[in-house]
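Below is one structure, written out as structure tokens, with a few remarks after it.
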Amino acid sequence: MTQAARATPALEPGRRWRNWGRSVTAEPSHRAKPVSVDELIDVIAFARDAGLTVRPVGAGHSFTPIAATDGIQLDVSALDGVLAVDGTLVTLGAGTNLYQLPALLGPLGLALQNMGDIDRQTIAGATSTGTHGTGNAFGGLATRIRAATLLTAAGDVLRITPDENAELLPAVALGLGALGVLVDVTIECVPAFVLQAVERPEPIDTVLAEWTDRVDGADHFEFYVWPHTDTVLTKTNTRLPADAPLRPLPAFGRWFDDEFMANGVYRATLTLGRAIPAVVPPLNRLSVRLTGNREFTDTSPRVFTTNRTVRFREMEYALPLEHVPAAVERIRALIADRGWSISFPIEVRAAAADDLWLSTAHGRRTGYIAVHRWFREDPAPYFTGVEAIMREYDGRPHWGKMHTRTAEDLRPSYPRFDDFLAVRDRLDPERLFANPYLTRVLGS
Ligand SMILES: Cc1cc2nc3c(=O)[nH]c(=O)nc-3n(C[C@H](O)[C@H](O)[C@H](O)COP(=O)(O)OP(=O)(O)OC[C@H]3O[C@@H](n4cnc5c(N)ncnc54)[C@H](O)[C@@H]3O)c2cc1C
């Protein structure tokens, strides 16, 4: 390690890093875990002097190499917790994990407005890639950012609020980690609420025919298509006031469905299906019969999120809401035509249009279609085939999930793409925060 590195207590030699989905490995030259903004500033100064690039990393739950670096891997997990509260506006340290939030927001009587499937991510990591849940009236997590503090490549601590540098907010709130290091974000929360969850197996033809009505008619609607079956599992969540009576899943039922079936048994069936692909269709039919017919009412984070211990790789595309049924049918036909055995369900969700420049829901009501493969299987043929279909519907890939798109072919899908690049040029002209993934999707 160099003299300068030793003078910066937050820095240590890098070590091999892997993401959650095991789709990315990196060999950072250094690793830094600053415990204060001053230490963070020192790390950035060191990187500039040493000619190294910097990538902030959250929980490593992106499937793309968006957080990978051979320079300095910056772990901001020590910058966490609640920093300020002003009504429903809560300022969180960028490294706060979503699973910390029930304990932090609960005593304030607050909650996140919407959440995705899991709570392992950091708030900065989740918002920077456009993480979303489902719901006709709700945008992704980043749409709730009202202010942020960003450390720039020049070492400046930039406040971005409705009164200061406000023009940067639509870029910084969902910035792919390309504009600087988020130190904190101010999230507009909502009063705590509970969710009534209804999960049912239903015929796929009915659900596809009723897709937009079902999305419009529920607070949070989504469904899972089990390949090789004609049944989907629908999830319909209704928002209720915080004092509505809870009817949580009994501990055994929750363990059976969410741990034993979704993780334990599922891992065994994946192993079997990999060895003998012909068993996948009957196993999928069995999975549909054994899971997904239940009702319960619980606090919002407990309904929105589940525990995922079976590792997989994922590609997810955002497309105009009305194209979802046709696109799902095309994927099913593709699987049948190619004779693939696909164990993982296709997940289908929805979100409101928003105005963040690189949001996958920018300017249009959006449906999301996500495809998965177990991490021990090669996802390339399936994902390549699905991606070709998604392109035909002007699909936009999730920034944190696998895809092969480039800046050149993404630009036409994002009306504010060049505005984002102009902000990048202004805040990071020397590309201190670059990596090969950002070069691919944003240009050099
Ligand atoms: C099991 C699983 C379930 C998932 N479910 C969903 C889902 O339901 N909905 C959905 O939309 N996505 C989902 N995802 C994707 C996931 O939410 C995103 O990939 C998210 O970015 C991961 O957050 P992270 O904290 O792990 O960030 P990382 O993957 O570590 O980093 C993501 C990006 O954030 C940047 N970043 C991190 N911290 C900072 C900072 N302080 N300042 C600036 N930039 C920063 C990184 O540089 C990188 O560019 C899921 C992923 C997995 C593995």
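The values are calculated or read from the model by the stated rules, or taken from the named source; none is laboratory data. These numbers were taken from a predicted model, which means no experiment stands behind them. Glycine gets a Cβ as well: all are built from the backbone with ideal geometry, and neighbour counts include every protein chain shown. Side chains included, ligands, DNA and RNA excluded: accessible areas come from the protein's heavy atoms. Shrake-Rupley method; radii C 1.70, N 1.55, O 1.52, S 1.80 Å.
For region 297-436, report the convex hull volume of the alpha-carbon atoms normalised per residue, in Å³, without decimals.
Enclosed volume per residue, from the Cα hull, is 164 Å³.
Which three numbers, in whole Å and largest first, are the semi-axes of the equivalent ellipsoid of region 64-111 derived from its Cα gyration tensor as √(5λ)?
Listed largest to smallest, the semi-axes of region 64-111 are 28, 11, 9 Å.
When DSSP beta bridges are limited to those with both residues in the chain, what percentage is antiparallel, rounded to the nearest 5?
Around 90 percent antiparallel, to the nearest 5.
Provide the gained length on full extension for the span V85 to W340, in nm with one decimal, where the gain is 0.36 nm per separating residue minus the Cα-Cα distance.
That works out to 86.7 nm of additional length.
Could you list the square roots of 5 times each eigenvalue of the Cα gyration tensor of the chain, that is, the equivalent ellipsoid semi-axes, sorted largest first and rounded to whole Å? Intermediate results must be reported in sequence, preceding the final value.
Working: eigenvalues 251, 123, 92 Å².
Ellipsoid half-lengths, sorted descending, are 35, 25, 21 Å.
Can you give the FRET efficiency for D243 and D409, using 1/(1 + (r/R0)^6), R0 = 51 Å, r = Cβ-Cβ distance, to the nearest 0.05?
0.55
Just add up the charged neighbours of G177: K/R +1, D/E -1, any other residue whose Cβ is under 12 Å from the Cβ of G177.
My count for the surroundings of G177 gives +1.
At a 1.4 Å probe, what is the % contribution of carbon and sulfur to the accessible area of the chain?
54 percent
DSSP beta bridges in region 1-150, what fraction antiparallel, as a percent rounded to 5?
On the way: 10 of 17 bridges.
Taking every DSSP beta bridge within region 1-150, about 60 percent pair in antiparallel fashion.
Below 12 angstrom from the Cβ of R391, what's the summed charge of the other residues (Lys, Arg +1; Asp, Glu -1)?
Surrounding charge for R391 is -1.
Extending each Cα 7 Å along its Cβ direction at L272 and V37, get the distance between those two points in nm, one decimal.
5.6 nm
Given H placed on each backbone N at 1.01 Å, which residues far from T231 in sequence or on other chains put an amide H within less than 5 Å of it?
Residues meeting the amide H criterion: I204, W226.
Given the Cα-Cα distance of E322 and D163 and 0.36 nm per residue of separation, how much length would full extension add, in nm?
Once the chain is fully extended between E322 and D163, it gains 53.5 nm.
How much length is gained on full extension from R294 to D355, taking 0.36 nm per residue of separation minus their Cα-Cα distance?
Result for the pair: 18.3 nm of gain on full extension.
Across region 215-221, in residue order, what do the Karplus-derived ³J(HN,Hα) couplings come to in whole Hz, using 6.51 cos²θ - 1.76 cosθ + 1.60 with θ = phi - 60° and x for Gly and Pro?
5, 5, x, 10, 5, 9, 10
What residues qualify as long-range amide H neighbours of L83, i.e. H under 5 Å apart, gap of 5 or more or another chain, H built at 1.01 Å from N?
Long-range HN contacts for L83: T91, L92, G93.
Work through the residues other than A148 whose Cβ is under 14 Å from its Cβ and net out their charges, Lys, Arg +1 and Asp, Glu -1.
-3
So with the 1.4 Å probe, I'd like the accessible area per residue for the chain, rounded to whole Å². It would help to have the intermediate numbers written out before the result.
Numbers: 17400 Å² over 444 residues.
Value returned for the chain: 39 Å² of accessible area per residue.
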